[in-house]
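Notes for the one structure printed next.
The values are calculated or read from the model by the stated rules, or taken from the named source; none is laboratory data. On a predicted model such as this, the values are computed, not experimentally measured, just so you know. Note: ideal-geometry Cβ built from the backbone for every residue, glycine included; neighbour counts use all protein chains shown. Keep in mind that these areas ignore ligands, DNA and RNA; they rest on the heavy atoms of the full protein, side chains included. Shrake-Rupley method; radii C 1.70, N 1.55, O 1.52, S 1.80 Å.
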Amino acid sequence: MFCVTSLSVAVQAQKLATASALHYAGFDWASQWYPVAWARDLPINKPTRVTLFDDDYAVVLRSGDQPPFALRDVCPHRLAALSEGRLTEQGYLQCAYHGWSFDDHG
């Protein structure tokens, strides 16, 4: 009797785990907002590389009333890391390799 009950509990647990996995399978993890750094830890007007889910991003905390922004840490031209670049006077993130510049929308 004890073995049957234990087996029944194990089967129920497996069914619950399977249902839970199916629920999360349709969740789009990439379309959510995630904290990646404390603002106090980011240098002002200098790009910083952060990694989230094995993807690198260049995060920039801008001075004044400009909002911070984050872009994928890769220049589309030669795949250089944008976090190695600089912030221009206009507030664009400039690639260190060939100088391509990107606004906060990419």
Fraction of accessible area attributable to carbon and sulfur, the range 51-106 (%, probe 1.4 Å): 46 percent
Residues with amide H under 5 Å from that of residue 69, placed H, sequence gap 5 or more: 60, 62
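First check a/c for the range 36-93, with a ≥ b ≥ c the square roots of the eigenvalues of its C-alpha gyration tensor; if it is under 1.5, answer rounded, and if not, answer prolate when a/b is larger than b/c or oblate otherwise. Could you put the intermediate results ahead of the total?
Working: a/c = 2.32, a/b = 1.22, b/c = 1.90.
Oblate shape, in that a/c is at least 1.5 and b/c is the bigger or equal ratio.
May I ask you to order 84-96, 37-49 by the average number of other C-beta atoms within 10 Å around their residues, highest value first? Walk me through the numbers on the way to the answer.
Numbers: 84-96: 16.3, 37-49: 12.9.
Going from most to least packed, we get 84-96, 37-49.
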